[in-house]
Protein chains: 2
Amino acid sequence: MGTGRIRIKDIAREAGVSTATVSRVLNNSNKVTHLTRKKVWEAIEKLGYAPNHVARSLRVKRVYSIGLIVPHDIDYLFSFPYFNLFMHHLAMEAKERGYHIIFTTSDGDESVRLHREFAMRKMVDGLVILDVSDNDPRIDVLDEIGFPFVVIGRPEHNRRYLWVDTENEKGAYRAVEYLVQLGHKRIHFVNGPTDLAVSRQRFEGYLKALHRFGLDYDPSLVHNGEFTEKSGYDVTKKILASNKVEAIFYASDTMAIGGMRALKEKGFNPGKDVSVIGFDDIPSASVVNPPLTTVAQPISHVGSWAAKLLINRIEGKEVSSKSLPVKLKVRGSTIGGV
Amino acid sequence: MGTGRIRIKDIAREAGVSTATVSRVLNNSNKVTHLTRKKVWEAIEKLGYAPNHVARSLRVKRVYSIGLIVPHDIDYLFSFPYFNLFMHHLAMEAKERGYHIIFTTSDGDESVRLHREFAMRKMVDGLVILDVSDNDPRIDVLDEIGFPFVVIGRPEHNRRYLWVDTENEKGAYRAVEYLVQLGHKRIHFVNGPTDLAVSRQRFEGYLKALHRFGLDYDPSLVHNGEFTEKSGYDVTKKILASNKVEAIFYASDTMAIGGMRALKEKGFNPGKDVSVIGFDDIPSASVVNPPLTTVAQPISHVGSWAAKLLINRIEGKEVSSKSLPVKLKVRGSTIGGV
DNA sequence: TGGTGTAATGTAATCGATTACATAAGATGA
DNA sequence: TCATCTTATGTAATCGATTACATTACACCA
């Protein structure tokens, strides 16, 4: 029957104790008699009290929430695979530790200002940084303030901060390795934007695999686009205009799906006369035709590890960055696949 | 160079005014001289100050955030179409008004407790209720406390609360109407769970269209499942075991995608010898083969209207619930489609 | 010149919890 | 029995802003 207008003072009066004691009961301080504890809980039940979170936060200087500021351009939204899966696992792990997520969107320009504001106004205890690029100004800002954050991805090797990443290099390596095993020799690579670390890491894996299996690196086989369906389509059209193709490795599933559309339009039959591999394993990957062979990212683990590490840092515990394993899923889009 | 340890007091001292005046400048009170305003802003810039959001919230009794508590079972996650699109537009509209989203997950059992807690502890100013069912206890709880909320969907006609909904009935009507126009007479309907209002409303539209076009209602053509790919697959298998099929209307795209898989396994060719229509227009709908004809929901508008209405209610403005229009998108899964 | 009204600013209470410090009540031992 | 120590509880300061109310300064007019 609580209307929410009950304060700790009311509970103290009702139970015949001081507010300090009520607070101690609420926070499980051990220095309270069993009897008083009982009286206090009875009063709480009777009046329907729940402590005001804001007042508590002000005093303890912690809001028990972590911030997630997501660029709201639509491309990004659908290109970051499983975005809500990531977010759910972030939130679940956070809740486990008594935190929740504060979510907002930003367009590119205001993103830095928004991160700074979240930190300076103490709206959250820590921030998750998505979609990081080289020399990301958000990182400088947070570093300068000394505010806790964790980066999804790993932009530069010489920077020291907390990150959670997937094995991008190894994933690309595995994809190329598999294509080589199928007998392919000319392996096209449709990569993401060059200024993203992910792209560089996947390119590195591509290169290493070529080298390992004695294939020459041919720059004309490597193309950079955006992580979108349209870009995959466009780049593939361009490839088809001037090249023979036997195998294409796309740095994202959305690109690969666009690419398959272009291939089919030109009369190709992925999985029969051309091999296509994607990266991510988004939900659509298994429902397109043919089902897409891809390098699966452990997105849910990325989410929970991000929460775990960030909260550890917030609470002053020992932390170290984490790289999570990827896995090749063979489906129908590669020759001889399922 | 702000370390975030600057308080309003420091600004007051630096600018040679009182904290009250600083506060007035920050909140754009008109009763401040141009000169003092300038002095205060200079001090703010110089010391790198940003007001503490928690302290402000405590005083003004508003946290400028709205809560979104999402069930974390994976089925729901992928069956609610465009979940992140909804969420982004919710967040964008909210930000426009100076609010952000507090996001957390719950499993079924704790959901009611969590909603109550968010309200009672004043962790948010209002709540968005997703995935509502008949006699939803969350609604009773919030009503009793007198806490602002907006429901996505419209469970019962005799209840009075704020909701945002799409034209489910009209959408189903349009789907059936289109199938009839294609010449179909036996129209299967694979609906969602019977206890959801959405299901009832779509069923109502199905019935009305049948009636309007002089077709008899045959209960054996109507089936209830879950809004998942697997359920769509299973139900379709069952249908195929005992029925001839010419047209199937699925109450969700994920179901329709599962259904098409079952149809193809049995040698059917959607778009050629059988018509399939979905509902939602999720991203996958346009990439499956054949592309899915479907009733598109204006999810982004649902998000922004939810924010708009809820914030209006929070701020004591006039509000009324909103029903948003759907639209049939003809693609390749219906005979004669694109 | 003095009274009155208005605009700008200051003082201090307030929001609702937590917690440092003070105190009271028992327990213990000589 | 009394000094001492321990444990439970209370008192009041505190977190960092906003704002009701008080005050000052000045303009205006009779």
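The values are calculated or read from the model by the stated rules, or taken from the named source; none is laboratory data. Nothing here was measured: the structure is a model prediction, and the numbers come from that model. As a convention, Cβ positions derive from the backbone with ideal geometry for all residues, glycine included, and neighbour counts pool all protein chains shown. We work out accessible area using only protein heavy atoms, side chains counted, and drop any ligands, DNA or RNA first. Shrake-Rupley method; radii C 1.70, N 1.55, O 1.52, S 1.80 Å.
Quick notes on this one:
- GNM top mover of B:287, B:302, B:25 - chain B, alpha-carbon springs below 10 Å: B:25
- Rounded FRET efficiency, nearest 0.05, which uses the C-beta distance separating residue A:195 from residue A:18 and R0 of 60 Å: 0.50
- Under a Gaussian network description of chain A, with springs only between Cα atoms under 10 Å, the residue in A:131, A:73, A:165 that fluctuates furthest is A:73.
- Gyration tensor (alpha-carbon) shape descriptor, segment B:162-238, a/c threshold 1.5: oblate
- Accessible area of residue A:305 in the full protein assembly, 1.4 Å probe (Å², nearest 10): 70 Å²
- Part-to-part distance (alpha-carbon centres) for segment B:265-338 and segment A:118-171, which is given in Å: 36 Å
- Contour minus Cα-Cα distance for residue B:140 and residue B:220 (0.36 nm per residue): 25.2 nm
- Rg of the Cα atoms in chain A, relative to 2.2 N^0.38 Å, amounts to 1.28.
- Charge-dipole axis of chain B as Lys and Arg at +1 and Asp and Glu at -1 on Cβ define it, positive-most pick from B:57, B:127, B:82: B:57
- The alpha carbon gyration tensor of segment B:168-297 gives principal lengths a ≥ b ≥ c with a/c below 1.5, which makes the shape rounded.
- Chain B: relative contact order in percent, alpha carbon pairs under 8 Å with at least 6 residues between: 17 percent
- Gyration tensor verdict on the protein assembly as shown (Cα atoms; rounded if a/c is under 1.5, prolate if a/b is larger than b/c, oblate otherwise): oblate
- Residue order by solvent-accessible surface for B:186, B:212, A:174 is B:212, A:174, B:186, largest first, with ligands and nucleic acids left out and a 1.4 Å probe.
- Note on chain B: GNM, Cα springs under 10 Å; of B:258, B:271, B:108, the largest mean-square fluctuation is that of B:108.
- Estimated 222 nm signal from helices in the protein assembly as shown, with DSSP H stretches of n ≥ 4 weighted -39500 (n - 2.57), rounded to 500: -13500 deg cm²/dmol
- Backbone amide hydrogens, once placed in the peptide plane, bring residue A:106 within less than 5 Å of A:70, A:72, excluding anything fewer than 5 places away on its chain.
- Zone of residue A:273's modelled label, taken as backbone nitrogen in segment A:170-203 under 12 Å from a point 7 Å along Cα→Cβ: none
- Efficiency of FRET between residue B:38 and residue B:97 - r from beta-carbon atoms, R0 35 angstrom, step 0.05: 0.75
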